[in-house]
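Data block below; observations after.
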Amino acid sequence: MPGDREIRLYNYEHPPVRPLVPGDTAEHCGTRVIGLLFTGLVGYASEDATPYHALACSISTADSTVFTIALRRGWTFHDGTPVLAHNFTDAWNHTAYRPNGQAHAASLEKILGYGEVHPEDPDRAPSTDRLAGLRVLDDHAFEVTLAEPFAIFPTLLGAPAFCPLPDVFFTDRERYLRLPVGNGPYRLVSVEPATGHRLTAFEEYRGTPGPGVRNLALVTHPTRESAYQALLDGELDFLDALPIDAVADGRCERELAGRMVGRLDLKLQGLGFPCYLPGYDNPDLRKAVSLAIDRAHLVAHALGGGQRPADGWSVPGVIGHLPGQAGWFCTFDPVAARAHLARSGFTGPLEFHSPVSARRWLGELSAGVARVLGIDCSVVLYDRVRDYCEAVEQRKVTGIYRVDWAADYPALENFLRPLFHSDSPFNDSGYARPEFDALLAEADAAPDESAASARYQAAERLLVRDLPHIPLWQDRAVAGYSERLGNVRMTSQGDLDLHAATVLA
């Protein structure tokens, strides 16, 4: 059958560095594999990211503090073992337990007892390895008690950190790591360390809709350019990282004979500031740079159009989004930009750091800021995304750095807490404002989703005072595909919709 033929999908520049464990996989390349291997309690609609119950048949609460979760029956992992309540609680306990060093441990911080399994002080040993707020009721139901009310908690449950883990993960870790076992629409067939992963549709998958393409190869390429050449040569079937320059000047459209697809996705492109460095710690400098950027011009001329200039720190389509939150600081105002620069006392130079893929648009942005502000600006490019990420995470960057944040779940809170809360492991800028943290805490404890959104919006407005990140634009996911694929469309997360796609040859 045509659907049995393997299709080859691009999966970034290098294989995952961290293991394929839902609570520990933080890189885009690993997260893409996890999304195929696992299904969580909640899913997000491919059309608009609306949350829906996936493995959960119900999530109920009377007070936004104690949640009872009932599971659908008959689901199994790829090794044939059943998906039961303890597979969730065991997985969440493993992720939260500080000595395990899981990247997404903080996702569990709302659950009662997190401080005991994951002390804030790294020198203090945990008093237990079990979250007090988790209780198995029977094989198909468990209870989650939070430390305080958190109205949007059910929306979070589609994030990777909340996926279940099979028994083999705990009984034979080495076996699991050699060939990870999930419960999702695809099971892993083989891992090829230098090139990628092969997967096939899981015949016993109980979710709907099921996969429309049977066999997948997730392939890595060292650069976007080499991946694009592989697509042109018929060695790749779907590439969602087309060279930005080739998209902007229309070359992709010509060379692919129109075999392109795109949509706005739940990703915000921005610039972060190392608030821990002198000069860059001044809000007036950050406001000067933001006002010196002509977003509409860059979208039209450096990116090829289609992106939506930002006006705040989230994007349309997420729960709680409110237009215009950044006010006039996302407008192009050279006079105001120079006034803020004068108040900052900063005389330059400015550096802009990024992976090499942003060479064109970041170069134009840097040149435009230099013209408006009258100071020297330069671009520092990294050939390897891994090197760039390490420099940012280890706070070794010496200037402004590119930030592209994709939502783990469609809520305003997910655009705020990870990047700007003073205790977040993803707060690479070093930004800290107690009032902001307090507003997030108030929002978390709100009695319902509407009240919570109002407080998250207040926290977002507070960012205008400091501008720790400059919002640039909502990204537009653009992909090219081979002649072998039909009915090609993209999900709200910017991936190929494997439920809809067909293999033609």
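Please work out if residue 228 is under 30 Å from residue 7 (Cβ atoms) and among the hydroxyl-bearing types (Ser, Thr, Tyr). Answer is yes for this residue.
Scanning segment 330-384 for residues that are touching a Pro at 6+ places or on another chain (Cβ under 8 Å), surrounded by fewer than 20 Cβ atoms within 10 Å (Cβ to Cβ) and β-branched (Val, Ile, Thr) yields one hit, 375. Among the residues of segment 369-408, the ones that are out of contact with any Phe, Trp or Tyr (no Cβ under 6 Å at 6 or more places or on another chain), among the β-branched types (Val, Ile, Thr), outside any helix (DSSP H, G or I) and under 23 Å from residue 315 (Cβ atoms) come to 1 in all. The listed residues are 314, 366, and the only one of them that is part of a helix (DSSP H, G or I) and assigned by TED's automatic domain parsing to the domain that holds residue 456 turns out to be 366. Given the condition within 25 Å of residue 324 (Cβ to Cβ), of a type in the set (Ser, Thr, Tyr) and out of contact with any Leu (no Cβ under 9 Å at 6 or more places or on another chain), answer yes or no: does some residue in segment 429-452 qualify? Yes, because at least one residue in segment 429-452 is within 25 Å of residue 324 (Cβ to Cβ), of a type in the set (Ser, Thr, Tyr) and out of contact with any Leu (no Cβ under 9 Å at 6 or more places or on another chain). In the set (1) on the phi < 0 side of the Ramachandran plot; (2) assigned to a loop (DSSP other than H, G, I, E, B); (3) outside the structural domain of residue 101 (by TED's automatic domain parsing); (4) not basic (Lys, Arg), the condition left unmet by residue 36 is number (2).
Restricted to segment 48-59, and to residues there that are modelled with pLDDT of 95 or more and assigned to a loop (DSSP other than H, G, I, E, B), the residue that is surrounded by the most Cβ atoms within 10 Å (Cβ to Cβ) is 55. Considering segment 162-177, and only residues there that are among the charged types (D, E, K, R) and free of Cβ contacts under 8 Å to residues at least 12 places away in the same chain, the residue that is nearest to residue 94 (Cα to Cα) turns out to be 173. Residue count for segment 130-151, restricted to those that are within 22 Å of residue 450 (Cβ to Cβ) and of a type in the set (Phe, Trp, Tyr): 1. For segment 328-348, check the following and say yes or no: at least one residue is under 25 Å from the mean Cα position of the chain (by Cα), assigned to a loop (DSSP other than H, G, I, E, B) and either over 24 Å from residue 387 (Cα atoms) or of a type in the set (A, V, I, L, M) (or both). No: zero hits.
Assess whether residue 453 counts as being within 20 Å of residue 110 (Cβ to Cβ), in a loop (DSSP other than H, G, I, E, B) and either touching a strand residue (DSSP E or B) at 6+ places or on another chain (Cβ under 8 Å) or among the polar types (S, T, N, Q) (or both). No.
Listed here are the residues, each with its yes/no results for (1) in a helix (DSSP H, G or I); (2) surrounded by fewer than 16 Cβ atoms within 10 Å (Cβ to Cβ); (3) over 23 Å from the mean Cα position of the chain (by Cα).
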| residue | (1), (2), (3) |
| --- | --- |
| 68 | no, yes, yes |
| 80 | no, yes, yes |
| 89 | yes, no, yes |
| 99 | yes, yes, yes |
| 102 | no, no, no |
| 119 | no, yes, yes |
| 124 | no, yes, yes |
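Put simply, of 62, 45, 26 the only residue that is surrounded by fewer than 21 Cβ atoms within 10 Å (Cβ to Cβ), free of Cβ contacts under 8 Å to residues at least 12 places away in the same chain and under 30 Å from residue 442 (Cβ atoms) is 62. Inspect segment 14-23 for any residue being part of a strand (DSSP E or B), touching a Pro at 6+ places or on another chain (Cβ under 9 Å) and either of a type in the set (Lys, Arg) or at pLDDT 90 or above (or both) and give the result as yes or no. Within segment 14-23, not a single residue is part of a strand (DSSP E or B), touching a Pro at 6+ places or on another chain (Cβ under 9 Å) and either of a type in the set (Lys, Arg) or at pLDDT 90 or above (or both). Here 312, 324, 272 are screened, and the one residue that is small (Gly, Ala, Ser) and farther than 28 Å from residue 393 by Cα is 324. Return the residue satisfying two criteria in turn: it lies in segment 238-279 and is touching a helix residue (DSSP H, G or I) at 6+ places or on another chain (Cβ under 8 Å), closer than 25 Å to residue 409 by Cα and of a type in the set (Gly, Ala, Ser), and of such residues it is surrounded by the most Cβ atoms within 10 Å (Cβ to Cβ). Applying the filter and picking the extreme gives 272.
The values are calculated or read from the model by the stated rules, or taken from the named source; none is laboratory data. On a predicted model such as this, the values are computed, not experimentally measured, just so you know. Don't worry about glycine lacking a Cβ; one is built from the backbone with ideal geometry, like all the others, and counts go over all protein chains shown.
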